[in-house]
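Here is the structure we will look at.
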Amino acid sequence: MEGRKGEYRYRESGLNSVVLKDILVFHCTKCNAVVPEIPAAGVLHRVIALRLLWKKTLLTGGELRFLRKLIGYSVTEFGKIMGSPKSVVSRWENHNLHGDGTDRIVRLLVTAKLIAEIAGQPDTILKNVTVEELTTEVEKSLKLIQARRANEKYEIPPEEIARLGGGEVAHEVPMN
């Protein structure tokens with residue numbers, strides 16, 4: 001295997017729009033396999049969540065699914081919380097059939113989970129995000145959401161992961 005730093009489209013997140021910048025990516029010269037060295041996956045997933053929470057357009061179905069999974073809900077549990085059957089949640093996630101009210105509730109639910117994580121854990125995953133910063137940014141985004149969906153590209157450099165994780169970028173190899 002041959003390794004070099006570069007961009008990697010992080011499809012393992014379930015989102016086609018996440019591109020990791022300047023990470024070590026190994027390429028097998030014989031079988032063409034590509035194996036990235038994913039930096040600090042827990043922090044990375046929260047960085048992605050912050051980008052989604054702060055976007056100015058409605059979440060796509062895939063983004064909604066990513067956030068649901070990040071906060072640990074099955075489709076059934078999430079449906080109960082949202083007051084909708086799991087078939088409706090499935091339509092939201094697979095066909096972008098959720099409205100702006102659902103979008104806002106999901107963002108607030110994820111924000112609440114992240115606040116609980118930041119405030120309630122002595123060793124929180126997000127190190128350099130305050131509850132005040134998180135809520136202020138989400139409130140700003142909620143005021144600016146446009147009633148359209150857009151597949152935005154999220155380029156995430158290792159420095160952002162390190163800053164929000166509170167130090168050096170740790171490297172983990174994903175398990176598929």
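The values are calculated or read from the model by the stated rules, or taken from the named source; none is laboratory data. Just so we're clear, the structure is a prediction, and the values are computed from it rather than from any experiment. Using ideal geometry, Cβ is built from the backbone for each residue, glycine included, and neighbour counts are taken over all protein chains shown. Please note that ligands, DNA and RNA were not included when accessible areas were found on the heavy atoms of the full protein model with its side chains. Shrake-Rupley method; radii C 1.70, N 1.55, O 1.52, S 1.80 Å.
Quick rundown of the values:
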read-out	value
Separation in nanometres of the label points that stand 7 Å from Cα toward Cβ, at Glu139 and Val35	4.8 nm
Positive-end residue, the chain charge dipole about Cα centroid, Cβ charges, pick of Ala33, Asn94, Leu126	Asn94
Relative contact order of the stretch 56-105, pairs being alpha-carbon contacts under 8 Å that are 6 or more residues apart, as %	46 percent
Fraction of beta bridges assigned by DSSP in the chain that are antiparallel (%, nearest 5)	70 percent
Angle in degrees between helix 41-53 and the longest Cα principal axis of the chain, rounded to the nearest 10	40 degrees
Chain lengthening between His95 and Cys28 when straightened (0.36 nm per residue, less Cα-Cα)	20.5 nm
Solvent-accessible surface (1.4 angstrom probe) belonging to His98, in square angstrom, nearest 10	10 Å²
Reach of Lys5 by Cα under 19 Å, taken over aspartates and glutamates that are not fewer than 8 positions away in the same chain	Asp22, Glu37, Glu155, Glu159, Glu160, Glu168, Glu172
Options (i) 50, 36, 28; (ii) 47, 33, 32; (iii) 63, 39, 28 - which one matches Cα extents along the principal axes in Å as calculated here	(i)
Helix-only [θ]222 nm of the chain, DSSP H runs n ≥ 4, -39500 (n - 2.57) each, per residue, nearest 500	-15000 deg cm²/dmol
Percentage relative contact order, the stretch 70-134, counting C-alpha pairs under 8 Å, at least six apart	19 percent
Within straight-line cross-link reach of Lys55, lysines at Cα separation under 25 Å, skipping those fewer than 8 residues along the same chain	Lys21, Lys69, Lys113, Lys127, Lys140, Lys143, Lys153
Relative contact order, percent, the chain [alpha-carbon distance under 8 Å, six or more residues apart]	31 percent
Sparsely packed trypsin sites (Lys or Arg not before Pro) within the stretch 26-65, loop by DSSP, other Cβ within 10 Å at most 11	Lys30
Other-chain or far-sequence residues with amide H under 5 Å of Ile156's (modelled H)	Val19, Leu20, Lys21
Cut-off 17 Å, label 7 Å out along Cα→Cβ of Lys69, residues of the stretch 77-98 by amide N	77-79, 89-96
